[in-house]
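These notes concern the structure reproduced below.
The values are calculated or read from the model by the stated rules, or taken from the named source; none is laboratory data. This one's a predicted model, so the numbers in the text were calculated from it and none came from an experiment. No Cβ is skipped: glycine too gets one built from the backbone with ideal geometry, and neighbour counts run over all protein chains shown. Just the protein is used for accessible areas: all its heavy atoms, side chains included, with ligands, DNA and RNA removed. Shrake-Rupley method; radii C 1.70, N 1.55, O 1.52, S 1.80 Å.
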Amino acid sequence: YSSKDLHGAEYIDSYVFNKVEDIRFNSTVGKFVGYTEHGVKNAEAWNKGSELAQELGELERYCKPNAAIDYSAILDKTGEQG
């Protein structure tokens with residue numbers, strides 16, 4: 001995100017094995033994307049299951065509330081008023 005209103009916030013969850021990204025969820029895309037053969041198979045399954053619904057809710061449930069707290073903490077240290 002790049003502003004206090006968190007309008008452009010984006011949640012990304014990557015799954016990496018042996019330094020190779022297999023799967024990524026991006027809240028802007030709204031689904032899992034696989035980058036390896038194994039990742040493509042899992043992404044297809046996860047996009048049909050409960051995993052997708054869980055990931056879709058993370059931006060609102062976890063990211064935005066915590067980003068607001070972090071943003072306030074930064075403003076407190078810089079002396080800016082928000």
* **Candidate set: region 51-74, residues that are open to solvent by 60 Å² or more (accessible area, probe 1.4 Å) and of a type in the set (Asp, Glu); chosen: the one modelled with the highest pLDDT** => Glu51
* **Leading residue by the ranking (nearest to the chain's Cα centre (by Cα)) among those in region 16-30 that are modelled with pLDDT of 95 or more and surrounded by 15 or more Cβ atoms within 10 Å (Cβ to Cβ)** => Phe25
* Asked: Could you say which residue among Lys48, Lys77 is among the basic types (Lys, Arg) and either surrounded by 11 or more Cβ atoms within 10 Å (Cβ to Cβ) or at pLDDT 90 or above (or both)?
  -> Lys48
